[in-house]
1. For the chain, take the longest principal axis of its alpha carbons; what is the angle in degrees between that and the long axis of helix 63-88, to the nearest 10 within 0 to 90?
2. Along Cα→Cβ, 7 Å out, is where each label goes; now give me the distance between the ones at ARG183 and ALA125 in nm to one decimal.
3. I'd like to know how segment 87-201 sits against the 2.2 N^0.38 Å rule of thumb: what's its Cα Rg over that expected value?
4. Can you compute the label reach from GLU85? Point 7 Å from Cα along the Cβ direction, backbone N cut-off under 12 Å, restricted to segment 125-152.
5. At 1.4 Å probe size, with every protein chain present, just tell me what the per residue accessible area of the chain comes to in Å².
6. Tell me the label-point distance for the pair THR115, ALA209, using the 7 Å Cα-to-Cβ offset, in nm and rounded to one decimal.
7. Along the positive direction of the dipole of the chain (beta-carbon charges: Lys, Arg +1; Asp, Glu -1; about the Cα centre), which of TRP171, ILE143, ILE45 reaches farthest?
8. For ILE160, what residues show an amide H to amide H distance below 5 Å, using hydrogens built from the backbone and excluding near sequence neighbours?
Amino acid sequence: MPQHEPVAAPRRTRLRAADRRASILDAATLVFADVGYRRGRTAEIAARVGVSEPVVFQNFGSKADLYAAVLDRATERARAGLREELETCCGGSPATLLDHVLAPGHIDRMHARGTLGALLADAAALTEEPAIAEAYRRGTRRIAEELTAVLAEGQRAGEIAPDTDPATGAWWLLSLVASHRFRRTAVPEDSRADVEDRLAEATRRLLTADRPGPD
């Protein structure tokens with residue numbers, strides 16, 4: 001058999017401070033979204049970036065501060081993604097965006113390993129870490145603000161029920177998403193999909209202008 005030359009290890013290049021910080025955040029996002037804060041190891045994050053573990057702490061101070069920075073960036077990207085999806089995939093229609101969010105199985109997919117939902121669900125339970133708890137509150141409020149603006153736009157367009165308070169509707173949606181882990185644990189497996197679909201439909205009818213009126 002022909003002999004193959006060994007593959008040389010990639011040469012490390014010196015990153016600018018901002019690029020190194022962004023690379024650490026990228027790696028930390030992948031690790032934390034996959035295995036959570038408690039099981040995520042800063043040594044693995046450092047190895048993915050190609051730096052020593054002390055470099056991670058030099059840039060972020062602590063593992064909790066790193067997780068908080070991951071949350072801050074992820075929630076800002078979620079806000080931007082929500083607006084982009086509204087414009088590019090939903091034709092600017094808040095009602096269509098709402099249908100997409102509430103589509104069967106979508107909330108389950110939002111909480112799959114490696115997603116923002118997994119990060120936020122993990123963060124919600126980390127109340128003993130003040131930096132993470134504050135980042136969770138801050139990020140959730142920012143997403144709520146964006147949802148409030150979207151629902152207000154839908155209300156002006158006649159797609160969202162006129163008697164719906166946009167801020168209340170936004171927090172209702174976030175509460176539905178955030179309680180996913182509770183339902184996954186408490187609702188029997190053989191009826192969980194039906195419960196999820198009924199909750200989504202009830203939410204859609206509550207918020208949209210085409211809900212049936214009182215008899």
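The values are calculated or read from the model by the stated rules, or taken from the named source; none is laboratory data. What you are looking at is a predicted structure, and each value in this text was computed from that prediction instead of being measured. Virtual Cβ from ideal backbone geometry, glycine too; neighbours counted across all protein chains shown. The accessibility values were calculated without ligands, DNA or RNA, using every heavy atom of the protein model including side chains. Shrake-Rupley method; radii C 1.70, N 1.55, O 1.52, S 1.80 Å.
1. That helix lies at roughly 50 degrees to the long axis.
2. That separation, rounded to one decimal, is 1.9 nm.
3. Values: Rg = 15.1 Å, N = 115, 2.2 N^0.38 = 13.4 Å.
Against the empirical 2.2 N^0.38 Å value, I get 1.13 for segment 87-201.
4. Counting backbone N atoms under 12 Å from the label point, the list is 147.
5. Values: 12640 Å² over 215 residues.
Ligands and nucleic acids excluded, the figure is 59 Å² per residue.
6. Simple spin-label model gives 3.0 nm for this pair.
7. ILE45
8. Correct list: GLN155, ALA209.
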